[in-house]
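The values are calculated or read from the model by the stated rules, or taken from the named source; none is laboratory data. In this text, all values refer to a predicted model and were calculated from it rather than measured experimentally. We place every Cβ from the backbone using ideal geometry, glycine too, and count neighbours over all the protein chains shown.
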Amino acid sequence: MRRELRQRLGELPDQPGIYIFKGEVGEALYVGKAKSLRRRAASYRVRAEDPRIALMLQDAADIEFVVTDSEAEALLLENNWIKRRQPRFNIRLRDDKTYPYLKLTLADGHPRLAFTRRIRRDGAEYYGPYLPAGLARKAIKLTQKLFGIRVCRIEIDGSLPRPCLYHDMKRCLGPCVDGLTTDEAYAEAVEKARLFLAGRNDELLRDLRGRMRTEATRLEFETAARLRDTMQEIASISQRRKLSSDRGEDVDIFGVHVRGDNAAVVVLVMRGGQVLDRRELFWEGVSKITAERLLSELLPQLYDRTTLIPREIHLPAPIEGEQALVEWLSERRESKVYLRMPSRGPKAERVALANRNARMAFRRRFRGAAAAGEASEALRTALDLEEPPRRIEGFDISTFGGSETVASLVVWSDGRMVKKEYRSFNIRGLAQADDFASIRQAVERRYRRRLKEVGEMPDLILIDGGRGQLNAALEALAELGVDETPVVGLAKREEEIYIPVRPAPLRLKRNHAGLRVLQQVRDEAHRFAVSRHRRRRSRRTLQSRFDDLRGIGPQRRKLLVRRFGSYTGVTRASEEELREVLGAKLGRSVYSSVRGRDGAS
């Protein structure tokens, strides 16, 4: 640790707050919270046991701090700073699953309600997640029915001549048409919708009951009756909707499995005494970390994303800053929240079940990654590479009699074929079949564009073929000024690997893990090239025969195919049938053309 940084650590006050380690150019490396900044600083002045923190201290050049009134405030401030600055040494929430939420666009003059799976910092309020997703759709319809909140995306300025069907169905107050409602009435409806969606139904019912009595006193019995019906429906929903229940059996049960630099967390979501959902979260390459540290950094981020906070949270390990987290969660829920680490009984059995789920999720997620890591390391050794290749791009050529030549590109990344990144190239400007020139053109076009758009190369390029194809690829890369990316060729017959710096091809054992990866990429590139070539050839064959017919463009071609199935079907059609589809003059012309050309009777 640098002397200046050690001195700055000694200057931190004995108060709660957050601290921010910064790098050479002022970027945030790590944000933490503490009940006492001074005592926490003392822990960094000795050797850090966490490898991730030790690595961070090597890069740290300075530290800043912000004092708060309490540890709970520090927790909230830390969470906000992590989201905004995204320090690379903090564990950030990553979720493989996107959950449905309801979004109330409070930044709009007349807020609307929308279904979404993304939470953004856009001034809107988000409610959820809804489990299962169908509950979110039902909640939108119910909110429309009870309060008349709009769901449309149009700009509201009151200038429309008439409202939409939702207003006629009494599902929207109609702010789009001047005179149907007032800004005050719509704002009042929005406030009631906020209470309803947040599950604060007791407060909402008290307000509605007071308004109903006021309206009845004023002899506005129809309005009072509508308020009474609304109260009855909300009360009924409060009794049967599990997600907003205040009963003690609303519990989130956490399970954790950590091995090496990877981790899996499973959350069993129990509502009304039943497990309604199972969330999985994964971390890759976070450096060695304990379950305690992982949960300490995960929980504030996780519950900052939802308004549905359970009464109890069951954990498999203690966390740092437990009291501050409890205060913050209780404030957000507006009732007491309990963090428990059960050691026996049914609650402990549920935590054990969550841990087993986390262990199985870990195996399912990282089994392929582990095998890919072994194969990459085997390739690094066999090919004498500086680093194990995590991304391999493979090329192949497909042609038929020298026509319609197609090159394919496939991508292998961390043990998986990434099909969304596959590309194909129609080879242009060649008078005859030339595999070498085709490879040169495909490689040049691929990496000219990738360097321009992405600015980085793969870890390894694989060419289907021998020395000639390999040299063609090397020539294309040399024209682009790329000479550091490893390139190899894999010949099919003997499974020989051609390497630029070796005069003789390399032969690996048939069961070599690295060879199997190369074969997988090569075979997939061949399959993709053949499929693309067949598609192009069949399309070209169909189009060329129809294109020879005068007066037949794309639209009339579709009419003919729809009626007769194919070009052959057209040749078998009678003149009357063609005239029905194309008209008298063109039908007669096409009939004469196909009969004369194909010799059909």
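Some observations on this one:
- Subset of the range 580-601 [surrounded by fewer than 15 Cβ atoms within 10 Å (Cβ to Cβ), polar (S, T, N, Q) and at pLDDT 85 or above]: Ser592
- Close contacts from the range 168-188, counting a first residue that is of a type in the set (Ser, Thr, Tyr) and a second that is assigned to a loop (DSSP other than H, G, I, E, B), with Cβ to Cβ under 7 Å and a gap of 6+ residues or different chains, come to Thr181/Leu173; Thr181/Gly174; Thr181/Pro175; Tyr186/His110; Tyr186/Leu173; Tyr186/Pro175.
- Only one of Glu349, Glu393 that is surrounded by fewer than 16 Cβ atoms within 10 Å (Cβ to Cβ), farther than 22 Å from Asn262 by Cβ and in contact with a Pro (Cβ under 9 Å, 6 or more places away or on another chain): Glu349
- Filtering the range 173-214 to residues that are of a type in the set (Phe, Trp, Tyr) and in contact with a Phe, Trp or Tyr (Cβ under 8 Å, 6 or more places away or on another chain) leaves only Phe196.
- When the residues of the range 520-579 are filtered to those that are under 44 Å from the mean Cα position of the chain (by Cα) and hydroxyl-bearing (Ser, Thr, Tyr), the one that is modelled with the lowest pLDDT is Thr541.
- Residues of the range 427-441 satisfying the condition of being of a type in the set (A, V, I, L, M, F, W, C) and at pLDDT below 85: Leu430, Ala431, Ala433
- Selection within the range 76-114: residues that are acidic (Asp, Glu) and within 26 Å of Ser330 (Cα to Cα). The member of this set that is modelled with the lowest pLDDT is Asp95.
- Just one of the listed residues (Val267, Val275, Val286) is at pLDDT below 85, touching a helix residue (DSSP H, G or I) at 6+ places or on another chain (Cβ under 8 Å) and in the same structural domain as Gly255 (by TED's automatic domain parsing), namely Val286.
- Which numbered condition Asp464 fails, given (1) crowded, with 17+ Cβ neighbours inside 10 Å; (2) within 19 Å of Glu377 (Cα to Cα); (3) not aromatic (Phe, Trp, Tyr): (2)
- Some residue of the range 16-23 being free of Cβ contacts under 8 Å to residues at least 60 places away in the same chain, surrounded by 21 or more Cβ atoms within 10 Å (Cβ to Cβ), part of a helix (DSSP H, G or I) and aromatic (Phe, Trp, Tyr): no
- Residues that are in contact (Cβ under 8 Å) with a residue 40 or more places away in the chain and either outside any helix (DSSP H, G or I) or farther than 21 Å from His526 by Cα (or both), drawn from the range 466-515: Pro486, Val488, Ile497, Ile499, Leu506, Leu508, His512
- Which numbered condition Leu515 fails, given (1) at pLDDT 85 or above; (2) within 20 Å of Asn426 (Cα to Cα): (2)
- Residues of the range 543-565 that turn out to be of a type in the set (D, E, K, R) and in a loop (DSSP other than H, G, I, E, B), as a count: 2
So that you can scan it fast, the table gives a plain yes or no per residue for (1) basic (Lys, Arg); (2) without any contact (Cβ under 8 Å) to a residue 40 or more places away in the chain; (3) farther than 21 Å from Phe528 by Cβ:
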position	(1), (2), (3)
Glu377	no, yes, yes
Glu387	no, no, yes
Thr399	no, no, no
Leu409	no, no, no
Arg416	yes, no, no
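- Note on the range 171-189: among residues that are exposed (fewer than 12 other Cβ atoms within 10 Å of the Cβ) and part of a loop (DSSP other than H, G, I, E, B), the one that is modelled with the highest pLDDT is Thr182.
- Residue list for the range 253-263, restricted to those being modelled with pLDDT under 90 and surrounded by 23 or more Cβ atoms within 10 Å (Cβ to Cβ): Ala263
- Considering the range 393-426, the residues that are among the acidic types (Asp, Glu) and within 15 Å of Arg450 (Cβ to Cβ) include one that is modelled with the lowest pLDDT, namely Glu421.
- Some residue of the range 355-377 being at pLDDT 85 or above, farther than 30 Å from Gly429 by Cβ and assigned to a loop (DSSP other than H, G, I, E, B): no
- Within the range 126-154, considering residues that are in a loop (DSSP other than H, G, I, E, B) and at pLDDT 85 or above, the one surrounded by the most Cβ atoms within 10 Å (Cβ to Cβ): Ile149
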